[in-house]
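Below is one structure, written out as structure tokens; the observations come after it.
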Amino acid sequence: MKARKDMTDSNILDIPKMHREMVKKSAEIGFSMPSDLYVGTLLKTLITSKQKANILELGTGIGLSLSWIIDGMDADSQLTTVDSDPQLIEIAKKNFGHDQRVTIVCTDGTQWIKKYKGAKFDLIFADTWPGKYGEIEEILDMVKLGGFYVIDDMSVQPNWPEGHQQNVDGLVDYLEHREDFNLTKMNWSTGLIIAVRKAAK
């Protein structure tokens, strides 16, 4: 009788090589909002489905999610990642700035979204206020047909400020009423929503 394959979701085998060092760096500098491992492995899987992809990450942080995204990209994909924290951006540039597929931008996310006039994206991962709770219409308009819009931290988190649940509830309600997207809400990891732009009927 064959042994049953391990379906335990904590059995993550493909963690990026740099991930452990970045986790240590997060603790060293007191960065208290590192991305969840489960979110990373999901992003890698989704991105692998998109060849020659154009990808946007809002909220680079220390680069944990960035490491997963890069691992899922093919040689012809391009990634733009945006954060307003110069210290975090400097770390990201040190670790990933050598990759010609990656553009690391240090600027205010709201201003970047408002000024952006380029091509639409195959996947947008919004892990900060702009593109998630702010400028949501603008950012959804940047998603290609068949493209993914991914957000995390939709379940209650210990670092939420008072009253933040109202922001979350409002965002979920808004996304549920967007007729140009199909979405799945996942009570897994930190709470995820994956939305995909669909063709108009």
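Readers should treat all values here as calculations from the given coordinates under stated rules, not as data from a laboratory. On a predicted model such as this, the values are computed, not experimentally measured, just so you know. In this analysis, Cβ positions are derived from the backbone assuming ideal geometry, glycine residues included, and neighbour counts consider all displayed protein chains.
Where is the GNM fluctuation largest for the chain (alpha-carbon springs, 10 angstrom cutoff): 187, 167, 159? Maximum among the listed residues: 159.
How would you classify the chain from its alpha-carbon gyration tensor, with a ≥ b ≥ c the square roots of the eigenvalues: rounded for a/c under 1.5, else prolate if a/b is greater than b/c, otherwise oblate? Rounded, because the longest to shortest axis ratio a/c is under 1.5. Computed extension gain for residue 173 through residue 108, at 0.36 nm per residue and net of the alpha carbon distance, reaches 20.8 nm. In order along region 169-184, the Karplus-derived 3J(HN,Hα) couplings, from 6.51 cos²θ - 1.76 cosθ + 1.60 at θ = phi - 60°, round to 4, x, 5, 4, 4, 4, 5, 5, 9, 7, 7, 9, 9, 9, 9, 10 Hz, and Gly and Pro are given as x.
Cross-link partners of residue 93 among lysines, defined as those whose alpha carbon lies under 21 angstrom from its own and excluding same-chain residues fewer than eight positions apart: 17, 24, 25, 44.
Under the 0.36 nm per residue contour assumption, what length would be gained going from the current alpha-carbon distance of residue 98 and residue 17 to full extension?
27.6 nm
Judged by the mean number of other Cβ atoms found within 10 Å, the most tightly packed of the peptides 37-43, 110-116, 80-86 leads the ranking 37-43, 80-86, 110-116. Annotation: the antiparallel percentage among DSSP beta bridges lying fully within the chain is about 35.
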